[in-house]
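What follows is one structure encoded as structure tokens, with my remarks underneath.
The values are calculated or read from the model by the stated rules, or taken from the named source; none is laboratory data. No experiment lies behind these values; they were computed from the predicted model shown. All Cβ positions, even for glycine, are placed from backbone atoms using ideal geometry, and neighbour counts span all protein chains on display.
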Amino acid sequence: MTLPAPVRRNLLLLVVCLAQLMVVLDVSIVNVALPSIRHDLGYSTTGLQWVVNAYTLTFAGFLMLGGRAADLLGRRRVFLAGTGLFTLASILCAVADSQATLDGARALQGFGAAIISPATLAILATSFTEGRARNRALAAWGAMGGVGGAAGVLLGGLLTQELSWPAIFLINVPIGLVVIAAGLRVVPEGRAQLEHRHFDVAGAILITLGLTALVYGIVRTDSLGWGATGVLVPIAISVVLLAAFALVEARVAKAPLMPARLVKLGRLRAANLVIFLLFAAVFAMWFFVSLYLQQVLGLDALEAGLAFLPMTLVIIAVTTQTPKLIARFGSGRVLAVGLLLAGVGMALFSDVHAGGSYVANVLPAGLVTAVGLGLGLVSGTIVAVQGVEPRDSGLASALLNSSRLVGGALGLAVLSAIAASHTSDKLAAGTPHLAALSDGFSVAFLTGAGACLVGALLAALLLGRRAAPAPAPATEVESPAA
């Protein structure tokens with residue numbers, strides 16, 4: 001039976017948002033479970049970051065390749081294949097019995113996410129006409145970033161407390177199966193009409209290895225210091241690899257991951273820079289607040305998860321109203337206000353201390369940050385795809401996700417290094433452990449606040465004007481799936 005067009009479009013939106021929620025959840029759902037994972041598998045404090053970063057770096061590094069695959073091979077085909085791979089990798093994470101196995105399975109999860117995520121946004125960008133209909137769809141998709149971040153911590157706490165940490169990965173299995181079953185019915189098979197079918201595999205490998213080397217070098221500053229060979233060599237290798245990536249994109253690749261026509265879109269560049277700064281701060285925020293709640297305030301995993309519930313509800317409320325604000329004030333201005341509020345929230349978080357409390361030191365800051373995040377996620381998503389041709393929808397969506405994830409991975413690495421260094425200095429000076437730990441978190445929050453405020457300024461200056469209309473979506477995505 002053929003579904004009516006309005007019903008099919010609503011189901012399409014639901015399916016792709018559910019898939020996007022799944023991949024975002026796996027960025028944040030591990031945060032509350034990290035102490036349990038460290039206890040069971042013997043991770044060090046700095047090594048524990050790789051449970052997060054093995055996922056985010058692989059996710060970010062292969063996003064552009066995933067976006068190109070969606071454009072060339074068909075968005076439904078790529079979307080379903082990525083979901084299947086992600087579901088399988090989730091099972092491998094759940095049964096992991098060593099650090100290497102878990103890190104490897106998380107990297108495979110990240111590769112699956114890199115296939116899914118750009119396909120989801122490309123499906124929406126080419127299935128809904130620019131304007132009110134697309135803004136509604138993109139608002140729902142963008143909200144998944146904030147809802148997934150906050151709900152992931154809540155769900156992670158519940159599952160870890162009641163069933164142990166492998167359950168945070170097994171939850172993806174029923175979700176993945178539902179997405180595949182529904183996707184076969186409602187997702188269109190659309191692909192871009194291009195004259196070639198080339199993949200820039202070399203570019204994807206170079207940028208993934210380059211980013212991994214950079215984060216590895218930054219993470220090692222905690223134990224070695226910034227001037228150590230073990231830090232400078234990985235960073236130098238990352239510079240060489242990223243320079244090689246730029247050379248491949250400009251001179252070698254037949255179909256570069258970063259085509260010149262996309263680089264020339266000023267609003268696209270500015271939007272991705274602002275989103276990079278937002279996620280560099282907010283991604284680390286989930287990590288540090290989770291640790292503060294458990295390690296300093298003494299909450300268990302479930303209590304820590306429940307502590308994030310007000311933020312989740314605020315993000316949902318704000319994202320539902322953001323399209324109305326964008327229609328009145330423009331996406332760039334709303335994005336600037338979102339970054340400003342996120343910066344204020346991060347600054348409020350810097351008041352955490354050993355004798356603090358959830359009501360006084362976490363809740364107010366969390367609510368302000370949640371409002372800013374809700375505004376920023378939706379407006380950033382909309383402004384980043386304005387003016388992009390349908391044939392590049394997969395690449396543009398992959399670029400947006402890359403900015404989110406690279407910003408998050410680098411932000412977590414840098415802010416963790418800053419926090420750990422400050423904590424070490426405080427401990428060496430005789431400060432009690434919990435006070436030193438809180439002081440380290442405080443400095444990290446202030447640094448994150450600075451990144452958000454810089455992003456707010458850039459958004460106001462570069463994105464304040466309304467964008468020109470973009471080309472209409474390609475007609476080939478309008479037909480229902482076979």
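Screening VAL289 on (1) closer than 18 Å to ALA151 by Cα; (2) touching a helix residue (DSSP H, G or I) at 6+ places or on another chain (Cβ under 6 Å); (3) crowded, with 23+ Cβ neighbours inside 10 Å shows it passes everything except condition (2). Restricting attention to the range 341-357, the residues that are surrounded by fewer than 16 Cβ atoms within 10 Å (Cβ to Cβ) and over 16 Å from ALA436 (Cα atoms) total 1.
Rundown of residues vs (1) at pLDDT 85 or above; (2) touching a strand residue (DSSP E or B) at 6+ places or on another chain (Cβ under 6 Å); (3) among the polar types (S, T, N, Q), yes/no style:
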position	(1), (2), (3)
PRO6	no, no, no
ASN31	no, no, yes
LEU48	no, no, no
THR56	no, no, yes
MET64	no, no, no
ALA70	no, no, no
GLY74	no, no, no
GLY82	yes, no, no
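The sole residue among ALA60, ALA70, ALA81, ALA105 that is in the same structural domain as ARG404 (by TED's automatic domain parsing), surrounded by fewer than 19 Cβ atoms within 10 Å (Cβ to Cβ) and aliphatic (A, V, I, L, M) is ALA81.
Only residues that are buried (at least 21 other Cβ atoms within 10 Å of the Cβ) and at pLDDT 80 or above were counted in the range 218-231, giving 1.
Between THR369, THR381, the distinction of being closer than 27 Å to ASN53 by Cβ, assigned to a helix (DSSP H, G or I), β-branched (Val, Ile, Thr) and at pLDDT below 85 belongs to THR381 only.
Conditions (1) over 20 Å from LEU65 (Cβ atoms); (2) in the same structural domain as PRO310 (by TED's automatic domain parsing); (3) in a helix (DSSP H, G or I); (4) at pLDDT 80 or above, marked per residue:
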position: LEU138; (1), (2), (3), (4): yes, yes, yes, no
position: ALA151; (1), (2), (3), (4): yes, yes, yes, no
position: LEU155; (1), (2), (3), (4): yes, yes, yes, yes
position: LEU159; (1), (2), (3), (4): yes, yes, yes, yes
position: GLU162; (1), (2), (3), (4): yes, yes, yes, yes
position: ALA181; (1), (2), (3), (4): yes, yes, yes, yes
position: HIS196; (1), (2), (3), (4): no, yes, no, no
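The criterion of at least 3 residues that are within 29 Å of VAL201 (Cβ to Cβ), under 23 Å from the mean Cα position of the chain (by Cα) and not small (Gly, Ala, Ser) is met, among helices (runs of 4 or more DSSP H) falling completely within the range 1-102, by 5-28, 49-61, 63-73, 75-94. Residues that are out of contact with any Ser or Thr (no Cβ under 8 Å at 6 or more places or on another chain), more than 27 Å from LEU25 (Cβ to Cβ) and of a type in the set (A, V, I, L, M, F, W, C) do not occur anywhere in the range 272-293. For ILE316, the test of being in contact (Cβ under 8 Å) with a residue 12 or more places away in the chain and crowded, with 24+ Cβ neighbours inside 10 Å is failed.
Of the residues making up the range 296-306, those that are part of a helix (DSSP H, G or I) and modelled with pLDDT under 85 are ALA301, LEU302, GLU303, ALA304, GLY305, LEU306.
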